Amino acid sequence: MKSVAANPDQYLKELPADRKEAVGKLRDTVLKNIPKGFKETMSYGMIGYVVPHESYPSGYHCDPKLPLPFVCIASQKNFIALHHMGIYASPEILKWFVDEYPKYSERKLDMGKGCIRFKYPEHIPYKLIGQLMKKFTVKEWVSLYEKNLKQSSKK
């Protein structure tokens, strides 16, 4: 179910007790490690980290009124999700993450193109997530986004 929370603090308050601590710790991990310039907001009913229009006026190509998304955290019905656009956009970062994951969690990696799913909150590899957050500055993310956008428009 998509949250209608107005801000990340309200989002956390609405979570069931068994999710509140893990999602809060995941949020703290992102905030502690994400490079300066990204902005925390609510994005698509999730806690989002975006490149604000002040830094990237073009916004998101699907809806330029929205800032450029980078990471989202969500509590879904059966799992906690970390949506990371950098993993989706960068084969190198994807490979790094997949290779590193078993060093930090005994659970099998459950992910889609850019969505990492955690069915067991006690097995979230916070230290690895912290390292992942440091992989892109705002400038690097915008550059990769634009490069991939140009390549997809040529197809």
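The values are calculated or read from the model by the stated rules, or taken from the named source; none is laboratory data. Everything numeric here is computed off the predicted structure, so don't read it as measured data. In this analysis, Cβ positions are derived from the backbone assuming ideal geometry, glycine residues included, and neighbour counts consider all displayed protein chains. Protein only, heavy atoms only, side chains kept; ligands, DNA and RNA dropped before computing areas. Shrake-Rupley method; radii C 1.70, N 1.55, O 1.52, S 1.80 Å.
Considering segment 123-155, the residues that are part of a loop (DSSP other than H, G, I, E, B) and of a type in the set (K, R) include one that is most open to solvent (accessible area, probe 1.4 Å), namely K155. Scoring V50 on the criteria (1) among the aliphatic types (A, V, I, L, M); (2) touching a helix residue (DSSP H, G or I) at 6+ places or on another chain (Cβ under 7 Å); (3) over 16 Å from F118 (Cβ atoms) leaves a single failure, condition (2).
Quick one: would you say I124 is under 17 Å from L144 (Cβ atoms) and under 15 Å from the mean Cα position of the chain (by Cα)? No: the conditions fail for I124. Among the numbered conditions (1) under 27 Å from E21 (Cβ atoms); (2) open to solvent by 80 Å² or more (accessible area, probe 1.4 Å); (3) modelled with pLDDT of 95 or more, the only one that Y120 does not meet is (3). In segment 53-78, how many residues are out of contact with any Leu (no Cβ under 6 Å at 6 or more places or on another chain), closer than 16 Å to G114 by Cα and modelled with pLDDT of 95 or more? Going through segment 53-78 one residue at a time, the tally reaches 6. When segment 99-110 is limited to residues that are touching a residue at least 24 places away in the same chain (Cβ under 8 Å) and open to solvent by 30 Å² or more (accessible area, probe 1.4 Å), the one that is nearest to Y44 (Cα to Cα) turns out to be D110. Within segment 39-72, the only residue that satisfies the criterion of being part of a loop (DSSP other than H, G, I, E, B) and buried (at least 21 other Cβ atoms within 10 Å of the Cβ) is P67. Name the residues in segment 102-126 that are hydroxyl-bearing (S, T, Y) and farther than 18 Å from V30 by Cβ, would you? The answer is Y120, and nothing else. Residues that are crowded, with 17+ Cβ neighbours inside 10 Å and either on the phi > 0 side of the Ramachandran plot or of a type in the set (V, I, T) (or both) within segment 2-38 comprise V23, T29, V30, I34, listed in sequence order. For segment 82-98, indicate whether the set of residues that are closer than 28 Å to D18 by Cα, in contact (Cβ under 8 Å) with a residue 60 or more places away in the chain, buried (at least 20 other Cβ atoms within 10 Å of the Cβ) and within 12 Å of the chain's Cα centre (by Cα) is non-empty. Taking every residue of segment 82-98 in turn, at least one turns out to be closer than 28 Å to D18 by Cα, in contact (Cβ under 8 Å) with a residue 60 or more places away in the chain, buried (at least 20 other Cβ atoms within 10 Å of the Cβ) and within 12 Å of the chain's Cα centre (by Cα).
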